[in-house]
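Here you go, one structure.
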Amino acid sequence: MSNEIVVTGASGWLGGHTCRVLHRLGWEVVGVSRTPRIARGQHPRWRWIGIGAELEYAVARAGRVLDVGGRLRELIDAGRSSRFEVTDRVARGLSRTTVQDPVLVSASGYRVHRGEELLATPTTKGDLVFGGFDATTEDTAARAAPAARSAIMRIGLVLGADGGVFPVLRRPFDAGHGVVLGSGRQWLPWIHLTDAVGLLVDAISDPGYAGVINAVAPEPARYRDLARATGDVLGVPWGTRVPEDHVVRTFGGASALLLQSHRLRPDTALACNYCFAHPDITGAVEDVLVGSQAAGITSSTHRSPCCRESPCSVTTPLVTGCGTRAACHASPSQTARRATPSASRTWID
Ligand SMILES: NC(=O)c1ccc[n+]([C@@H]2O[C@H](COP(=O)([O-])OP(=O)(O)OC[C@H]3O[C@@H](n4cnc5c(N)ncnc54)[C@H](OP(=O)(O)O)[C@@H]3O)[C@@H](O)[C@H]2O)c1
């Protein structure tokens with residue numbers, strides 16, 4: 001029986017945090033990197049492969065893939081990504097797998113602009129403002145179906161202390177003068193790192209996650225709510241507006257992510273009974289600035305079989321040396337049970 005999972009972007013911020021949680025849950029992580037030797041030196045706990053033919057082979061063998069590769073910096077600087085080539089290889093590997101119930105969970109930053117409209121489920125393409133590269137990746141990932149269950153997670157701005165965009169956004173606040181980008185009225189799809197990781201992990205094991213999914217917090221916030229929460233926690237004024245053209249000069253093509261309005265609700269995650277560790281922006285920002293995230297702890301809260309009927313508040317801190325595997329978390333064996341409801345089917349490749 002294999003408990004392997006192939007992870008692209010495993011050397012990155014989001015992928016690295018997710019891999020640590022997967023590792024603790026009993027998954028055997030196979031990290032994918034364009035420079036596997038360097039990645040191995042940095043994260044010796046899991047196996048590393050490159051992006052050549054060995055990737056296709058590893059995917060066919062494992063039958064389970066988390067695709068969170070792609071650098072935000074590359075997107076900001078060049079407005080493009082070569083990531084879809086890797087996703088394409090992943091899709092080819094999945095088409096060859098003999099593993100039962102194969103799955104591809106893919107991170108996407110794709111956005112459409114709809115102003116005040118609340119989007120409970122992701123819209124189709126057409127009014128794209130950002131992420132043409134992610135559209136390509138989404139198309140490629142979608143091609144993995146029906147060879148595999150494909151869950152394309154449109155992740156909001158991930159709030160964390162040690163990576164992503166938030167450390168950049170908080171700099172003026174740290175200098176004692178908080179700012180609001182643009183009008184501040186724009187809706188900002190956001191999610192705390194713990195929940196981004198939790199949703200990615202849950203999507204691997206829960207067949208309820210299929211198609212394109214909003215991976216955002218359940219309580220939408222406007223940009224000014226983020227600024228207010230940050231200013232309040234740090235005890236600094238937060239109301240100074242930064243004109244849009246200045247934001248564009250600073251963030252390039254990615255400025256649309258911060259200036260356009262994307263009001264999203266995570267209906268699939270809620271239907272799957274995922275329970276968010278940080279549903280509101282004030283609590284999430286407080287955690288990132290002065291709470292467990294600030295202290296370097298990545299915790300993971302998941303909806304689980306034990307609390308399918310009611311909201312679950314089980315949070316297992318996954319600190320170094322903790323080693324806890326709560327019954328409430330989705331381990332590879334739970335994945336096998338969930339993905340194969342029929343007793344005659346096994347999780348053996
Ligand atoms: N952070 C956020 O707020 C956020 C929000 C929404 C979506 N996302 C998406 O989530 C993904 C990861 O974000 P992150 O913040 O963790 O980024 P990150 O820290 O910059 O990590 C990027 C990872 O992707 C790998 N990578 C870079 N170019 C690649 C390519 N062409 N093909 C395959 N892998 C490649 C890198 O691995 P090697 O250098 O080892 O090859 C690295 O491990 C990105 O696709 C991003 O668009 C992030």
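I'd like to compare 6-14, 218-226: which one has the highest average count of other Cβ atoms within 10 Å, and what's the full order after that?
6-14, 218-226
What translational D, rounded to a whole number of µm²/s, comes out for the range 96-247 from Stokes-Einstein when the hydrodynamic radius is the Kirkwood one over Cα pairs, at 4 °C and 1.567 mPa s?
Taking Rh from Cα pairs, D becomes 76 µm²/s.
Separate question: Using Cβ counts within 10 Å as a stand-in for footprinting exposure, how do Asp202, Asp174 rank, fewest first?
Least crowded to most crowded, the residues run Asp174, Asp202.
Applying 1/(1 + (r/R0)^6) with R0 = 30 Å to the Cβ-Cβ distance of Asp245 and Ala120, what FRET efficiency is obtained, to the nearest 0.05?
Given R0 = 30 Å and the Cβ-Cβ separation, E is 0.35.
Residues of the range 148-163 with the amide nitrogen closer than 16 Å to a label point 7 Å from the Cα of Glu219, along Cα-to-Cβ, please.
So the set is 159.
Label-point separation (nm) for Ile38 and Asp232, each offset 7 Å from Cα along Cα-to-Cβ?
4.2
Based on the Kirkwood radius over alpha-carbon pairs, what is the Stokes-Einstein translational diffusion coefficient of the range 181-232 at 20 °C with 1.002 mPa s viscosity, in µm²/s?
Translational D for this selection: 170 µm²/s.
In the range 1-57, how does Rg compare with the Kirkwood Rh, expressed as the Rg/Rh ratio over alpha carbon atoms?
With Rh from the inverse mean 1/r over Cα pairs, Rg/Rh is 0.94.
Once the other residues with Cβ under 14 Å from the Cβ of Arg241 are scored (Lys, Arg +1; Asp, Glu -1), what is the net sum?
With Lys, Arg at +1 and Asp, Glu at -1, the net is +2.
Here's another thing I want to ask about it. Taking K and R as +1 and D and E as -1, what net charge do the other residues with C-beta under 13 Å from the C-beta of His177 add up to?
Net of charged neighbours comes to +2.
Suppose the chain between Arg45 and His177 were pulled fully straight at 0.36 nm per residue; how much longer would it get relative to their current alpha carbon spacing?
That pair, Arg45 and His177, stretches by 43.4 nm at full extension.
If you don't mind, another one. Name the long-range amide H neighbours of Val7: under 5 Å, sequence gap of 5 or more, or other chain; modelled H, no Pro or chain starts.
Here the answer is Val30, Gly31, Val32, Leu66, since their amide H atoms fall under 5 Å of that of Val7.
How would you order 35-43, 252-260, 85-93 from highest to lowest mean count of nearby Cβ atoms within 10 Å?
85-93, 252-260, 35-43
Read-outs throughout are calculated quantities, based only on the coordinates presented, and are distinct from any laboratory measurement. None of the values given here were measured: they were computed from a predicted structure. We place every Cβ from the backbone using ideal geometry, glycine too, and count neighbours over all the protein chains shown.
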